[in-house]
Amino acid sequence: MGLETVAGGERRWWWNRNVIMVLWIMLSIGFCIGLHCHMGTESMRKAEETLTSMCEERARMLQEQFAVSVNHVHALAILVSTFHYQKDPPALDQETFAKYTARTAFERPLLNGVAYAQRVVHAERDLFENRQGWIIKTMKREPSPMQDEYAPVIYSQATVSYIEALDMMSGEEDRENILRARSTGKAVLTRPFRLLESNHLGVVLTFPVYLSGLPADATAEERVKAIAGYLGGAFDVESLVENLLRQLAGNHEIVVNVYDVTNSSEPLVMYGAHPPDGHMSPSHVSMLDFGDPFRKHQMKCRYRKKPPISLSSITTPSGIFVICTLVGYIGYAAWSHYDNVKEDFRKMEELKKQAEAADVAKSQFLATVSHEIRTPMNGVLGMLDMLLDTDLNLTQKDYTQTAQVCGRALISLINEVLDRAKIEAGKLEIESVPFDLRSILDDVISLFSAKSREKGIELAVYVSDRVPSILVGDPGRFRQIITNLVGNSVKFTERGHVFVQVHLAEHVKMVMDAKTETGLNGHVNEVNITSTTTVFNTLSGLEVADSRNTWESFNLLLSDGASLSCTFGNGSVAESIPDKVTLLVSVEDTGIGIPVHAQDRVFTPFMQADSSTSRNYGGTGIGLSISKCLVELMGGKMNFISRPHVGSTFSFTAVLHRCGKSNGADTKRSLSEVLPTCFRGTRAALVDRRPVRASVTKYHLRRLGIITEDVCTINEALRALSGQNGYTKSSHPGKPSMLLIEKDSWDSKAEFLIQNQLLKWKETGHVHDIPKVVLLLTTESDKTRARCHVDTVIVKPLRTSTIATCFQQMLGMGRCQSKDSLAGSNFLHSLLNGKNILVVDDNKVNLRVAGAALKKYGAKVECVESGKCAISLLQPPHKFDACFMDVQMPEMDGFQATQKIREMESKASEEAPLEEGSTKAKWRIPILAMTADVIQATYEECLKCGMDGYVSKPFEEAQLYQAVAKFVVSSPIPGS
């Protein structure tokens, strides 16, 4: 039944989509039909507007040309008035008028001819006829009958000379026009009629001629009295309109008719023919004003053919219909796709919930595993540390240290797995605290010293003088990256060297650019070629993967670094130092290299070059992946260059910050490894034929303040110690000279030369000038090469503090400690001395470890095993200065206990009387979480419940001290 309902629902939706599609098509058709009608209507409207514009233009031009002709007739009327009536005798006669009108006929192209009729009253008829020599005749050319007045034509243009002597008053319409013209003073028109010669339709224009002295506002009676005659002209309307239409474009598209509509019921055609009945073409009527207020005229225009339907009114709706159909199809397909996507989304939501549940389970599993493994390991490592502080024989100490190394290796593996999990979850954060970069590198080198001595490889570190002493960043993560890279290099290198370099990235770029411009290249790295091997100018003399790491490049970095340190020494550019520091760190080795086919998966987690790598060298293949992620979190990039059977060079950049000037001195004193100052100014000679290795040795000696000159042979060193070659041997009291010799330069011949030189000094009485001879070795087995002339032996890798200790023993100085050294050793003791610290943990072993670590530095420690006991002891007021609280405990965990403690402190602060200078935060003890769970969620929960810090298990003493230093104020030590 359920399946049928679902199937029916699917069919119903499918049916609805079809109905909507059909409705859409129908609406599209209706819309397109409406659009077609609208566009057709718009097309007709535009055609009508075009017809209106064309008709109005023709009417305007017809009126303008007619007005020009009327003005010329008016001008002739003024001419007649001036020369006929205002001259005595008249200066105008028929011959003169005919010649003038003939010569000026071009100004009146629309007039067939002009004539002037004089007003003659009946009393003056006989005199007038006698003077003219003819009698007045009617239009029918008969003698005019007697009447009140006459209007015989006395002047005429040659084209109309046949109307001479005819009385214009004899025609009914002419008489009417003459009477209207003289009473209004304006030109008047007759109704259309056929002209005599052309047989065209035309009109007669009559213009009154007055005697002089008529005012402009004269009345009709005054005008009648002042009338002198009438000037008339015959207009050929058909010719006028034909000439006009011939000048304009589009004449073949429209038909023009001109009508006299004085009598609207019976309009008179002046031009054109009547349209046939039933003609539906659009038309337009424009009124014409020819200056006669009595007569009304109009122009009617129409298309010869009905305007066709525009092509766009067909193509546009058709195109829109196609588009609507496509849109409907797209919508239909999108609807179907939406249903599919919706179903997929529902499935993805289910999978997401499963994945989130799996992620939560994974986090809980990691937390549980971390806690369950770290808790016993904390006890194991803590007890081993305590055991090492007791009196043990060599065998016992060796066993204890071996167990401690194995435990730390297990913790390191756990840390790597947890780091990878935190990176995948995006919850790994980078700290920003001050740290000493050189001390960290020395510690990492020391960590692998035993392995490098066992293999007999050179392990060295060099930090440019440009790199600040104290930087702000994440020292733990930086140490983790270096440890991983150096550990891999030592693991896969059986001969040659492992070389760690640290420079400023911008400085390296500048030097490399300068090197490119000067034409240096990697081929100068080769310094000597024998019959069997090629010696390269590197740390160990073997070829390296990155050909750019030549002695020339390294020497340029050294020289620029020295010039910069001098510049910083006089303070000329201190103000321009940027806050950010971008370091370029490279780890170079001459190991087995990485096969070409495996180089693209170097940074893939849990992947190694091949199966034999894990079998022969061990490891999980996760370290490089974590290191690359950490470098990217520090704002840098990691890359590598590797050549099989030559070696690899891993390099990365990291963006750190300079330490502020305000706390720089104190921070440096507390974080840096304290070096003795008693060797400052001491001079030494170094015999080393390899300049890169010599530079590394000088770097460590320079940190002790020792001025070193490096030479290639024993002879050069002896000459230098004797004051030759411009070298002035130091003779400062308490600062003896030393001769450091690399093992490569130590042989029987060198021993013989040194023995002879010592004998000479003794014979000449310069016993106090005899230098101390120091032999630098790579392996412990090379100590047998030392003879009686060697004062001390230093086995590499070199560490500045180790060199200082050897020199102190060799010179019999004891431990030369400066004030800084003394302050550094007492710093942590001053923090914890006499402080009352409460440690809360349900594990008795962890209580013993934490208590012993804190008591070692003078703290008064009290331990309890539950959160309830901690609450009872921390009830204000109490005596404790800090509290270490385990997170996972039975009955009441650390989070709940902390919340209760904060509630008690808040209540006590509110109830306590306010004193001057007191605040409500009077009762707030620093509470530090102490747990084996190191995932980010636990850390966030610690801060949320009111804890002040976090210490992970297994913890070291230094970790405890660092956590306490943030909240506990140091106190003076008695007797210090």
Can you tell which of M54, S144, V120 lies farthest toward the positive end of the dipole of the range 44-162, using +1 and -1 charges on the Cβ of basic and acidic side chains (Lys, Arg; Asp, Glu)? M54
Gyration tensor on Cα atoms of the range 150-231, a ≥ b ≥ c root eigenvalues, a/c under 1.5 rounded, else prolate if a/b beats b/c, else oblate, says prolate
Given 224-234, 857-867, the highest-first ranking by average Cβ count within 10 Å works out to 224-234, 857-867
Residues of type lysines that K698 reaches as a straight line, Cα spacing below 18 Å, ignoring anything fewer than 8 places off in the same chain: K729, K735, K743, K772, K796
Projected onto the charge dipole of the range 165-277 (+1 at Lys/Arg Cβ, -1 at Asp/Glu Cβ, origin at the Cα centre), which of Q247, F193, G233 gives the Cα projection farthest towards the positive end? G233
Which of the three applies to the range 122-176, rounded, prolate or oblate, going by the alpha-carbon gyration tensor with a ≥ b ≥ c and a/c under 1.5 meaning rounded? oblate
In what sequence, highest mean first, do 65-73, 93-101 appear when ranked by Cβ atoms within 10 angstrom? 65-73, 93-101
Which values, in whole Å and largest first, are the semi-axes of the equivalent ellipsoid of the range 36-310 obtained as the square root of 5 times each eigenvalue of the Cα gyration tensor? 43, 17, 17
Sorted by mean Cβ packing within 10 Å, highest first, what order do the peptides 460-473, 443-456 take? 460-473, 443-456
If you place +1 on the Cβ of every Lys and Arg, -1 on the Cβ of every Asp and Glu, and leave all else neutral, what size is the dipole of the range 36-310 about its Cα centre, to the nearest 20 Debye? 560 debye
Identify the chymotrypsin sites (Phe, Trp or Tyr not before Pro) of the range 264-361 meeting these criteria: DSSP loop state and at most 13 other C-beta atoms within 10 Å of the C-beta. F294
At L248 and E709, where each label point lies 7 Å from the Cα along Cα→Cβ, what is the point-to-point distance in nanometres? 11.4 nm
Please name whichever of Y399, L418, A355 sits farthest to the positive end of the charge dipole of the range 342-422, dipole taken about the Cα centre and charges placed at Cβ: Lys and Arg +1, Asp and Glu -1. A355
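No lab work stands behind these numbers, since they all come straight from the coordinates. The structure displayed is predicted, hence computed values, not measured ones. Please note: Cβ atoms are built from the backbone with ideal geometry, for glycine as well, and neighbour counts cover all protein chains shown.
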